[in-house]
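Please read the structure below before turning to the comments.
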Amino acid sequence: MRENNEDNFGFDARYGIFVVCDGMGGQAAGEVASKMGVDVLLKYFREIGPDSTLHTSPSAMAASANGASNNGYAPDLGSSKHSPANDSPANDDAASEGGTAVATARTVSLLPGTSDARALERAIHLANQTIYSAGRAGAGRAGMGSTIVAAVIRGHSLAIGHVGDSRVYLVRQGEIQQLTQDHSLVMEQVRMGYITREQAQKSELQNVILRALGSEEEVEPDIEELVAVSGDTILMTSDGLTRYVDDQEILNIIKTVPDLKQACNALIQAAKDRGGDDNITCLLLRMEERPWYKGLFSKLFSGDQQWQNSI
């Protein structure tokens with residue numbers, strides 16, 4: 001396992017934004033790039049605020065854990081609406097080691113372009129520009145970059161965006177589907193029929209990324225819009241997991257371990273057991289139908305954590 005952690009993640013359920021980044025670059029540059037990616041997206045959605053046209057709050061069970069640490073914590077993500085953009089979680093020290101989160105969304109079929117998807121695309125472009133500029137200006141940071149997967153969940157709407165080879169999966173009704181396509185050389189070769197997925201898993205070229213935040217002045221993120229239904233589980237993860245654990249095993253773990261924090265830890269342990277030596281980060285979101293009054297009681301009385309800034 002790497003001593004330095006180039007993965008990062010963060011979320012703010014009040015604004016429905018969830019982010020996982022995997023940095024790359026010499027020395028500590030990858031750590032800097034991934035943190036910038038998370039920070040820019042959280043700040044962007046906190047500043048634009050919740051969509052005033054929506055009348056339901058996103059709610060999801062979420063859990064995350066990081067391969068650099070086997071520890072976790074279990075904050076409860078509610079759905080309160082307004083808070084200053086520079087807020088930080090009360091237990092930030094514990095949060096820095098990876099963890100669990102609990103929030104509420106409801107409702108995955110394609111939708112026409114929505115403000116959430118456009119906002120997500122703008123935020124990813126801004127993150128790219130920020131990392132690219134920092135890489136050009138900072139000593140020892142030339143060529144730094146990061147992958148990103150991000151999801152915006154508001155009401156029944158789910159918008160996802162990504163650059164690089166971090167992934168988003170949907171688990172629905174006992175089946176798993178990869179919602180993103182890796183921007184990597186080996187997966188491009190798979191799509192063109194030059195090699196098989198099995199060959200890609202063993203290729204020495206797995207580290208070659210075709211698109212990443214900060215590698216060029218402009219980047220083209222893939223943006224997709226879906227509708228989530230109650231019972232859906234969304235997995236957002238860096239390649240430290242997917243290089244060692246195949247889709248079927250991911251599905252089996254999520255199906256057989258109902259507690260999301262424990263499922264995250266089981267996924268990470270499975271990658272480690274197969275020789276995983278990269279940082280491993282995963283974020284699990286489970287969609288639940290929740291009456292409005294339960295969300296209100298949760299906000300007023302639970303004291304549950306609703307956001308996690310970058311680690």
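The values are calculated or read from the model by the stated rules, or taken from the named source; none is laboratory data. Keep in mind the model is a prediction, meaning the values are calculated, not measured. Cβ coordinates were reconstructed from backbone atoms using ideal geometry, including for glycine residues, and neighbour counts include every protein chain displayed.
For region 128-148, the set of residues classified as surrounded by fewer than 16 Cβ atoms within 10 Å (Cβ to Cβ) and of a type in the set (A, V, I, L, M, F, W, C) consists of Ala137, Ala139, Ala142, listed by residue number.
Each row is one residue, and each column tells you yes or no for (1) under 18 Å from Ser166 (Cβ atoms); (2) under 14 Å from the mean Cα position of the chain (by Cα); (3) hydroxyl-bearing (Ser, Thr, Tyr); (4) at pLDDT 95 or above.
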{"site": "Ala228", "(1), (2), (3), (4)": "no, no, no, no"}
{"site": "Asp239", "(1), (2), (3), (4)": "yes, yes, no, no"}
{"site": "Asn252", "(1), (2), (3), (4)": "no, no, no, yes"}
{"site": "Lys261", "(1), (2), (3), (4)": "no, no, no, no"}
{"site": "Ala266", "(1), (2), (3), (4)": "no, no, no, yes"}
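Scanning region 107-138 for residues that are at pLDDT 95 or above and assigned to a loop (DSSP other than H, G, I, E, B) yields a count of 0. Where helices (runs of 4 or more DSSP H) fall wholly inside region 159-271, the ranges with 2 or more residues that are surrounded by fewer than 21 Cβ atoms within 10 Å (Cβ to Cβ) are 185-191, 197-202, 247-256. Output yes when any residue across region 42-57 is in contact with a strand residue (DSSP E or B) (Cβ under 6 Å, 6 or more places away or on another chain), within 21 Å of Ile234 (Cα to Cα) and at pLDDT 85 or above, and no when none is. Checking region 42-57: at least one residue is in contact with a strand residue (DSSP E or B) (Cβ under 6 Å, 6 or more places away or on another chain), within 21 Å of Ile234 (Cα to Cα) and at pLDDT 85 or above.
Could you tell me whether Gly16 is at pLDDT below 95 and within 13 Å of the chain's Cα centre (by Cα)? It is true that Gly16 is at pLDDT below 95 and within 13 Å of the chain's Cα centre (by Cα). Restricting Ala123, Ala137, Ala142, Ala127 to residues that are within 17 Å of the chain's Cα centre (by Cα), over 15 Å from Asn8 (Cα atoms) and among the small types (Gly, Ala, Ser) narrows the list to Ala123. Quick one: in region 272-285, which of the residues that are hydrophobic (A, V, I, L, M, F, W, C) and over 22 Å from Ser184 (Cα atoms) is surrounded by the fewest Cβ atoms within 10 Å (Cβ to Cβ)? The residue in question is Leu284.
Pick out the one residue from Arg154, Arg211 that is of a type outside the set (S, T, N, Q) and under 16 Å from the mean Cα position of the chain (by Cα).
Details: Arg211 fails: under 16 Å from the mean Cα position of the chain (by Cα).
Result of the check over Arg154, Arg211: Arg154.
Of the residues making up region 139-149, those that are of a type in the set (Gly, Ala, Ser) and not in a loop (DSSP other than H, G, I, E, B) are Gly145, Ser146.
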